[in-house]
1. Filtering the stretch 16-53 down to residues that are assigned to a loop (DSSP other than H, G, I, E, B) and open to solvent by 40 Å² or more (accessible area, probe 1.4 Å), which residue is farthest from TYR321 (Cα to Cα)?
2. Among the candidates ALA296, ALA300, single out the residue that is in contact with a strand residue (DSSP E or B) (Cβ under 9 Å, 6 or more places away or on another chain), in contact (Cβ under 8 Å) with a residue 12 or more places away in the chain, open to solvent by less than 10 Å² (accessible area, probe 1.4 Å) and within 11 Å of the ligand (Cβ to nearest atom).
3. Hey, any hits in the stretch 320-327 for a residue that's open to solvent by less than 10 Å² (accessible area, probe 1.4 Å), over 30 Å from GLN92 (Cβ atoms), touching a residue at least 40 places away in the same chain (Cβ under 8 Å) and of a type in the set (A, V, I, L, M, F, W, C)?
4. List the number of the failed condition for PRO169; all other conditions in (1) crowded, with 19+ Cβ neighbours inside 10 Å; (2) outside any loop (DSSP other than H, G, I, E, B) hold.
5. Does ILE30 meet the test of being in contact (Cβ under 8 Å) with a residue 40 or more places away in the chain and within 16 Å of the ligand (Cβ to nearest atom)?
6. Look at the stretch 261-290 and say how many of its residues are open to solvent by 10 Å² or more (accessible area, probe 1.4 Å), β-branched (Val, Ile, Thr) and within 16 Å of the ligand (Cβ to nearest atom).
7. Tell me, please, whether a residue that is of a type outside the set (S, T, N, Q), open to solvent by less than 30 Å² (accessible area, probe 1.4 Å) and over 14 Å from the mean Cα position of the chain (by Cα) can be found in the stretch 179-188.
Amino acid sequence: MSKNYKITLLPGDGIGSEIMQVAVAVLEAIAPKFDLSFSFEAALVGGSAIDTTGHPLPAETLAACRASDAVLLAAVGGEKWDKLPSHLRPEQALLGLREGLGLFANLRPAKVLPQLIDASSLKKEVVEGVDILVVRELTGGIYFGKPKGIFIDENGVRRGVNTMAYTEPEIDRIGKVAFEAALKRGKNVCSVDKANVLEVSQLWRDCITNLSADYPSVKLSHMYVDNAAMQLLKYPKQFDVIVTGNLFGDILSDAAAMLTGSIGMLPSASLGVPNSPGIFEPVHGSAPDIAGKDLANPLAQVLSAAMMLRYGLNELAAADYIESGVMSLLDSGKRTGDIMSEGCQLLGCKAMGEALLSTLD
Ligand code: NAD
């Protein structure tokens, strides 16, 4: 009997619906090959939800997400809603979704594709073969630790305070996500911290080291964050999975992503506790400058769907199939404008989707 998955679709704003249509068509096309079926339910989020309901994350949308096996999101935002008070802006929906679904792990792959190697700002020999997954803790650390605020001391001097704090269970659960992800990839985890200076990092290192005993087939190393920043630029091929806290992960995941140089190709995943729905979405925004013009690259959205299969639904063969389809499509020289290079064939979003479907066939 085929497995059925309930997927909530959140196309959001800007190019969202154009790229989502391609991802859904791809999922529908590959489903029978892997004895899968999908029940898709679209819901409103971001600016389009504000226009219809007055709120960027309507209660029905959150309820639909909670009741699904996974959530496929495109992007939210646009100038039209930029002047609203901050609690009513489209981006609030993303925070509400993370909180509402308890998503504590952010997974950002940075894979340099041979066909797009010239898009990187680094030398070809440095980035060739780079395939990194940054696992960032998303709901703890310095962004949430207390006390926080700007205070006035007894001398009338203003003092800004944030607190970097992690508990053992918080570190263990993000560590598990990283080790489990490594089992599905290169079986290598590098934990990044600042344990030479910060006590919170000493606890982090201790917990991750203890956890590694449960994963004997995964090789664990530790690196200080300043060195990790240098190594990402100097010799990025050494990394498989990088696991780190909220602040370090925020910075390192952007740096790692830019090794690839192409924003229209980058997917991401946010995960909560096992068996709860994760969110899978491109790294890029709603690209209002090209919305409705059939110019968007749909591949980050398609690769987000592949991440959904791999990390959300554990359908590894189906994920591999989509990813290799994307590689074949690029091999055939088909490109959207953002990744166009000499000698390639320029296609719009829709035609790129159709070309991918024939490749997958
Ligand atoms: P953006 O990522 O939307 O666009 C940056 C540039 O990259 C633009 O030139 C755009 O045309 C291009 N681009 C992005 N995705 C592309 C794709 N798939 N194919 C081809 N080109 C692509 O970032 P921005 O312009 O800073 O933000 C636009 C809106 O998106 C803002 O309202 C912002 O708040 C929002 N945003 C949302 C998310 C999200 O939903 N997760 C993330 C970032 C920005």
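The values are calculated or read from the model by the stated rules, or taken from the named source; none is laboratory data. Because the structure is predicted, anything quoted here is derived from the model rather than measured. Using ideal geometry, Cβ is built from the backbone for each residue, glycine included, and neighbour counts are taken over all protein chains shown. Accessible surface areas use protein heavy atoms only, side chains included; no ligands, DNA or RNA. Shrake-Rupley method; radii C 1.70, N 1.55, O 1.52, S 1.80 Å.
1. Once the filter is applied, the top-ranked residue is LEU44.
2. None of the others qualify; the one that does is ALA300.
3. Within the stretch 320-327, one or more residues are open to solvent by less than 10 Å² (accessible area, probe 1.4 Å), over 30 Å from GLN92 (Cβ atoms), touching a residue at least 40 places away in the same chain (Cβ under 8 Å) and of a type in the set (A, V, I, L, M, F, W, C).
4. Result: PRO169 passes all but (1).
5. no
6. Selection size over the stretch 261-290: 3.
7. Restricting attention to the stretch 179-188, the residues satisfying the condition of being of a type outside the set (S, T, N, Q) are 179-187.
Filter once more, so that each one left must be open to solvent by less than 30 Å² (accessible area, probe 1.4 Å): 179, 181-182.
Filter once more, so that each one left must be over 14 Å from the mean Cα position of the chain (by Cα): 179, 182.
Yes, there is a match, as at least one residue in the stretch 179-188 is of a type outside the set (S, T, N, Q), open to solvent by less than 30 Å² (accessible area, probe 1.4 Å) and over 14 Å from the mean Cα position of the chain (by Cα).
Here is a yes/no grid of residues against (1) open to solvent by 10 Å² or more (accessible area, probe 1.4 Å); (2) in contact (Cβ under 8 Å) with a residue 60 or more places away in the chain:
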| position | (1), (2) |
| --- | --- |
| ASP82 | yes, no |
| LEU88 | yes, no |
| GLU91 | yes, no |
| LEU101 | yes, yes |
| ALA119 | yes, yes |
| ILE132 | no, yes |
